[in-house]
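Novice: Okay, here's the structure, questions in a sec.
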There are 2 protein chains.
Amino acid sequence: MNTADLGLPVDVPSTALFTDQYEFTMLQAAMKAGTAERRSVFEVFTRRLPEGRRYGVVAGTGRVLDAVENFRFDPDVLAFLRERKIVDEETLDWLADYRFSGDIWGYPEGEVYFPGSPIMRVEGTFAECVLLETVILSVLNHDSAIAAAASRMSSAAGERPLIEMGARRTHELAAVAASRAAYLGGFTSTSDLAAGFRYGIPTVGTSAHAFTLLHDRERDAFQAQVKSMGRGTTLLVDTYDVAEAVRTAVEVAGPELGAVRIDSGDLLLVAHRVRQQLDELGATDTRIIVTSDLDEYAIASLAAAPVDAYGVGTQLVTGSGHPTCSMVYKLVARAESTDPTAPLLPVAKKSTGGKTSIGGRKWAARRLDEYGVAEAEVVGTGPVPDALADRQLLVELVKGGDVVARESLDVVRDRHTAARANLPLSATQLSRGEPVIPTEYVNGRSGSLTGS
Amino acid sequence: MNTADLGLPVDVPSTALFTDQYEFTMLQAAMKAGTAERRSVFEVFTRRLPEGRRYGVVAGTGRVLDAVENFRFDPDVLAFLRERKIVDEETLDWLADYRFSGDIWGYPEGEVYFPGSPIMRVEGTFAECVLLETVILSVLNHDSAIAAAASRMSSAAGERPLIEMGARRTHELAAVAASRAAYLGGFTSTSDLAAGFRYGIPTVGTSAHAFTLLHDRERDAFQAQVKSMGRGTTLLVDTYDVAEAVRTAVEVAGPELGAVRIDSGDLLLVAHRVRQQLDELGATDTRIIVTSDLDEYAIASLAAAPVDAYGVGTQLVTGSGHPTCSMVYKLVARAESTDPTAPLLPVAKKSTGGKTSIGGRKWAARRLDEYGVAEAEVVGTGPVPDALADRQLLVELVKGGDVVARESLDVVRDRHTAARANLPLSATQLSRGEPVIPTEYVNGRSGSLTGS
């Protein structure tokens, strides 16, 4: 494949290069040392939620599965690695045949997570697993950050629709993933046509101030839009004087006018005035859409205002203050030898400088209280206690290299709604606080419980 | 083209869908109203810098030029727009032949900018220009945010190399653009192989804690790495005990050991101890690389520490607190009619709710003081004062649809260094402050100067 085929402002022929160079250096060194084929378990988890957040949202799992399937080394990529002397010929030969053949388990997409939740577990040889670190973290860290912000915004919006409008505020392809994560987190639609094309998300859009300014009079612009889109369209009413624009809009479209959009000013005040004016003009069914630097707090503050839908841009695609998660991909267990039947030893960084973690392959379960509400995220090594056996969180995603858990985005979206609804009520408080349930670690050997 | 050809975890056949739906609704309505062919001028600018920042950095211009060239409607895209009923058949026919045929001028990539700087100016028919809004803003808002953070970090680092290591903390393709913007802003290299492949940026990378944990002893891991990569490699010394690891590292590699990397703990303290230990072991040329949640403040705080290079991840790719810019794309002038010779009228949003702007096609120049240091960003409509004629900032990028200003990334990187050096000294203060030079508006008719 060459650049022209792509037609994209990118030129990366497969997911294999979405990879930090050190993954390849480790691969080559392990091959030379005879340790590359040791069976290994890597886990994705986060040591903390973003400050003040009460839960995290797993997003990007479906994109990870695509990335793993497309993690192949075509001749262009191999030539690049050779030319840059990143690995030697023996390693290049191995890479030419690369295909992940291991197993991946993980929290199903849309689930909530907490500090220490083993969000994804990748198992296979060290060689095949280590290479996937960077792309898996890129996808999960980005998408989960956006989904978490979307989830808070959708809680704040209640039943009112949320439109994702952030494409212009983030990288053009990050925007497509952001639309996906926003929909997962409860958004209703997107302005981004690439997201509609790629993921089937409903798309919406009407007009900008430029359209009004293009015409000699605001009335001309409104007439042009109504002629083109019908009376059900949304007219932007804040280019000049809002009250005059609302009057003109109803004159042009009649009381059947679909909606008006307000994109500046004191939205609370303006929404009340516009609602009153619309009602006086008989346009009682005309909706009001607001779209001006909204975040979850602004949305919540408009709960009592006569607003029918929110459009959210910047704060959505930047994770409302937390544009990334701090997920890491850590080796937690590996075999003593390359014998496929060798037992797995738990391993973990032990330095005193922080960033320590807990070794061993983990399970996780969400313990419920007597009312069926989540009360703890229980993470353990060793056998799963009987009482938690049917509350386990990890599901099989890839088996022997084959993706076994493709899901539609609507299934994932519904799962998130259900998972959030199962948390204690304080989960959806917008104020800063602690994770809404604690993480408890079960030591495989003693079976004892320890709070995080 | 089909999905399989792409091999990417994306499936967007051209840049034409990196577009908000409302651009297409405006296009169709303007076509019906007979206004779509009115000659129009759109400008990209920002009303403010991120809070406390003293200058902005123009980045992404080269990517914008690629995006404009690839803004074409292939059959897949047209079929999608038809199926979703986003535009009608007449509009689809027009889109099938779309090719931007206008002119683009802009600040050259790498330049600094200030509130009101006309960073890019797009001129042509309303129809051809309005469609480009979303993708142009996506690219410039993302890339400029990263470049601004990179520039501050490179000021703080002085002559010490900076390694971009943030791929795992942002969307996998945003990461590639972020590496590019970081290099532009003064970074030395990247860990992201896709950025090396796509943009020729130098790549680096050695090993992670997982590599040490894979082996039975730290010594085995170090021996494996040195055997594979040579004595010039960088050994990671904070998996267990740092002092013991440094001792082992020098035993294994000898005093020719290239570098040690420290990824956790109190970097100031640990760097001093490690330097002393390395010197005592005779490894006086072994360098120390630090990499643990660094930002420009942490880098500055290590200025007096024996550190030889910094690796920066999260804070770089998230713009160090400002992951996007607030650039907008506004219609500032348009013809009275579709006659190509009709005069251009300045236009601007006038609503009282904020977000107002200044109409008219603008020029910009940087006025220097008697010592040749920048003292004001002068932005005006109408004729350029003689004294500023040779200090104009906008250059021609696209002429009649053809890209006329392709540049290498090294040229852009050098331009940024020079532009920053030409600002008052306080530009590189890390503390929060006002833009380092004011923006002055020159009214075309009166020639009078007004401070912003």
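The values are calculated or read from the model by the stated rules, or taken from the named source; none is laboratory data. Since we're looking at a predicted model, the values are computed, not measured. Heads up, the Cβs are rebuilt from the backbone with ideal geometry, glycines too, and the neighbour counts pull from every protein chain shown. Protein only, heavy atoms only, side chains kept; ligands, DNA and RNA dropped before computing areas. Shrake-Rupley method; radii C 1.70, N 1.55, O 1.52, S 1.80 Å.
Novice: Working carefully through the options B:Ser426, B:Ser408, find the one that is at pLDDT below 95 and under 24 Å from the mean Cα position of the chain (by Cα).
Specialist: Numbers: B:Ser408 fails: at pLDDT below 95.
Exactly one residue qualifies, and that residue is B:Ser426.
Novice: Would you list the strands (runs of 3 or more DSSP E) that sit entirely within the stretch A:294-392 and hold 1 or more residues that are without any contact (Cβ under 8 Å) to a residue 60 or more places away in the chain and either of a type in the set (Gly, Ala, Ser) or open to solvent by less than 50 Å² (accessible area, probe 1.4 Å) (or both)? Walk me through how you get there before you give the answer.
Specialist: On the way: elements: A:309-312, A:327-335, A:344-346, A:362-368, A:374-381.
Counting at least 1 such residues, we get A:362-368.
Novice: Scan the stretch B:394-405 and give yes if some residue there is over 24 Å from the mean Cα position of the chain (by Cα), assigned by TED's automatic domain parsing to the domain that holds B:Glu109 and among the β-branched types (Val, Ile, Thr), otherwise no.
Specialist: Checking the stretch B:394-405: not a single residue is over 24 Å from the mean Cα position of the chain (by Cα), assigned by TED's automatic domain parsing to the domain that holds B:Glu109 and among the β-branched types (Val, Ile, Thr).
Novice: What's the number of the condition A:Arg198 fails, among (1) modelled with pLDDT of 95 or more; (2) surrounded by fewer than 23 Cβ atoms within 10 Å (Cβ to Cβ)?
Specialist: For A:Arg198, the failing item is (1).
Novice: Ok, one more. With the checklist (1) within 21 Å of B:Ala149 (Cβ to Cβ); (2) assigned to a loop (DSSP other than H, G, I, E, B); (3) open to solvent by less than 50 Å² (accessible area, probe 1.4 Å) in hand, flag the one item B:Glu434 doesn't pass.
Specialist: If we test B:Glu434 against (1) within 21 Å of B:Ala149 (Cβ to Cβ); (2) assigned to a loop (DSSP other than H, G, I, E, B); (3) open to solvent by less than 50 Å² (accessible area, probe 1.4 Å), just (3) comes out false.
Novice: Tell me which of these A:Thr212 doesn't satisfy, since it passes every other one: (1) closer than 30 Å to B:Lys350 by Cα; (2) open to solvent by 10 Å² or more (accessible area, probe 1.4 Å); (3) modelled with pLDDT of 95 or more.
Specialist: With (1) closer than 30 Å to B:Lys350 by Cα; (2) open to solvent by 10 Å² or more (accessible area, probe 1.4 Å); (3) modelled with pLDDT of 95 or more applied to A:Thr212, the lone miss is (2).
The rows are residues; the columns are (1) modelled with pLDDT of 95 or more; (2) within 12 Å of another protein chain (Cβ to nearest Cβ); (3) touching a Gly at 6+ places or on another chain (Cβ under 6 Å).
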residue	(1), (2), (3)
B:Phe18	yes, yes, no
B:Thr25	yes, yes, yes
B:Ala29	yes, yes, no
B:Ala33	yes, yes, no
B:Ser40	yes, yes, no
B:Glu43	yes, yes, no
B:Gly56	yes, no, no
B:Asp88	yes, yes, no
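Novice: Among the residues of the stretch B:153-195, write down those that are more than 17 Å from B:Asp143 (Cβ to Cβ), within 7 Å of chain A (Cβ to nearest Cβ) and open to solvent by less than 20 Å² (accessible area, probe 1.4 Å).
Specialist: B:Ser191, B:Leu193
Novice: With the structure loaded, tell me whether B:Lys399 is without any contact (Cβ under 8 Å) to a residue 60 or more places away in the chain and open to solvent by 60 Å² or more (accessible area, probe 1.4 Å) or whether it fails that test. Lay out the reasoning, then the answer.
Specialist: Working: without any contact (Cβ under 8 Å) to a residue 60 or more places away in the chain: no; open to solvent by 60 Å² or more (accessible area, probe 1.4 Å): yes.
No.
Novice: Right, next: So how many residues does the stretch A:268-312 have that are at pLDDT below 95 and within 21 Å of A:Glu251 (Cβ to Cβ)?
Specialist: Adding up the residues that qualify gives 0.
Novice: For the stretch A:50-81: of the residues being charged (D, E, K, R) and surrounded by 18 or more Cβ atoms within 10 Å (Cβ to Cβ), which is nearest to A:Gly321 (Cα to Cα)?
Specialist: Let us first name the residues in the stretch A:50-81 that are charged (D, E, K, R), namely A:51, A:53-54, A:63, A:66, A:69, A:72, A:74, A:76.
In the following step, the residues that additionally are surrounded by 18 or more Cβ atoms within 10 Å (Cβ to Cβ) were identified as A:53-54, A:63, A:66.
Numbers: A:Arg53: 11, A:Arg54: 14, A:Arg63: 23, A:Asp66: 28 Å.
Only one residue fits best here, namely A:Arg53.
Novice: Restricted to the stretch B:215-242, and to residues that are touching a residue at least 24 places away in the same chain (Cβ under 8 Å) and charged (D, E, K, R), which residue is surrounded by the most Cβ atoms within 10 Å (Cβ to Cβ)?
Specialist: B:Asp238
Novice: In the stretch B:118-125, is there at least one residue being in contact with a His (Cβ under 8 Å, 6 or more places away or on another chain), open to solvent by less than 10 Å² (accessible area, probe 1.4 Å) and within 13 Å of another protein chain (Cβ to nearest Cβ)? Walk me through how you get there before you give the answer.
Specialist: As a first pass, look at the stretch B:118-125 and keep what is in contact with a His (Cβ under 8 Å, 6 or more places away or on another chain): none.
Among the residues of the stretch B:118-125, not one is in contact with a His (Cβ under 8 Å, 6 or more places away or on another chain), open to solvent by less than 10 Å² (accessible area, probe 1.4 Å) and within 13 Å of another protein chain (Cβ to nearest Cβ), which makes the answer no.
Novice: Among the residues of the stretch B:26-44, which ones are within 26 Å of B:Ile119 (Cβ to Cβ) and open to solvent by less than 10 Å² (accessible area, probe 1.4 Å)?
Specialist: B:Met26, B:Leu27, B:Ala30, B:Ala36, B:Ser40, B:Val41, B:Phe42, B:Glu43, B:Val44
Novice: Kindly state which helices (runs of 4 or more DSSP H) lie completely within the stretch A:113-206 and contain at least 3 residues that are over 23 Å from B:Val64 (Cβ atoms) and among the small types (Gly, Ala, Ser). Break it down stepwise before answering.
Specialist: Numbers: elements: A:126-130, A:133-157, A:172-184, A:193-199.
Filter on the stretch A:113-206 gives A:133-157.
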